[in-house]
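*Asks:* Starting off with a structure, shown below.
Readers should treat all values here as calculations from the given coordinates under stated rules, not as data from a laboratory. Model, not experiment: these values are computed from the prediction. Using ideal geometry, Cβ is built from the backbone for each residue, glycine included, and neighbour counts are taken over all protein chains shown.
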Amino acid sequence: MKKLFFLIASLATATAYGQLTHFGFTGGATISNYKSKLDGNDESGKSKVGFTLGILANLPAGKNFIIQPAINWVQKGSKDEQTMLGVTAKASVTINYIEVPVNFLYSNNGFFIGAGPAASFGVSGKWKISDGSNSTTENVKFGSSDNDDLKAFDLGINALSGYNFKNGLFIAANYNMGLSKLDPGSTPNSSLKSRCVGIKLGYILGGNNRK
């Protein structure tokens, strides 16, 4: 009898917990860049605007705390422009990532803030190069050899804050700082790391369980 009671209580608890879990989706803009270091000198191009789309789950983790895993399509990149002898050369790179962040959030009166790890996987990308009269487009090569352009895997830290409305809508901004060295090959004393800001509008199915 005790075992039966324990089983029923466990199922009831699991059901109640599942009912508190809310799913949602997001969309918005990204502003990103790549920061490089070579022989102690820091360099970076100009920030590039892209977009992001994603799905998420809000898992309750106690009063005012939420664990929020997500799967996002995130567009990152960089661009640069140089003029020499009256000729302006332009170059830009756009990288599409599948990003999996797991944010640990504190929520109070609709406001939320938190951070967590984020793993990103490069799935496609393009270089665009122009000298003013001619332009070329090439696919980005992912890998770890000297013949590749970029390593595909990027592990970073994600910080997130925003506001939940009672009708299920929410707004959020996040900052993702890549920790992995993305430059392939064996170039000594060099590193290339990603930086990205996201501005998002989202919707939680069934409305927000605001705290």
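*Asks:* For a Förster distance of 30 Å, can you work out the FRET efficiency between the beta-carbons of F111 and L155, rounded to the nearest 0.05? Mind showing how you got there, number by number?
*Replies:* On the way: r = 28 Å, r/R0 = 0.94.
After rounding, the FRET efficiency stands at 0.60.
*Asks:* Okay, moving on. Below 8 Å between Cα atoms, with a sequence gap of 6+, how large is the relative contact order for the chain in percent?
*Replies:* Once normalised by length, the contact order is 21 percent.
*Asks:* Give the angle, between 0 and 90 degrees and rounded to the nearest 10, that separates the Cα long axis of helix 2-20 from the longest principal axis of the Cα atoms of the chain.
*Replies:* 50 degrees
*Asks:* For an R0 of 22 angstrom, estimate the FRET efficiency from the Cβ-Cβ distance between Y175 and S135 and round to the nearest 0.05.
*Replies:* Numbers: r = 32 Å, r/R0 = 1.48.
Step by step, r from the Cβ atoms, then E = 0.10.
*Asks:* Could you tell me which label, among [x] 16.1; [y] 14.7; [z] 13.6, carries the value of mean projected area of the Cα convex hull in nm² calculated for this structure?
*Replies:* This structure yields the entry labelled [x].
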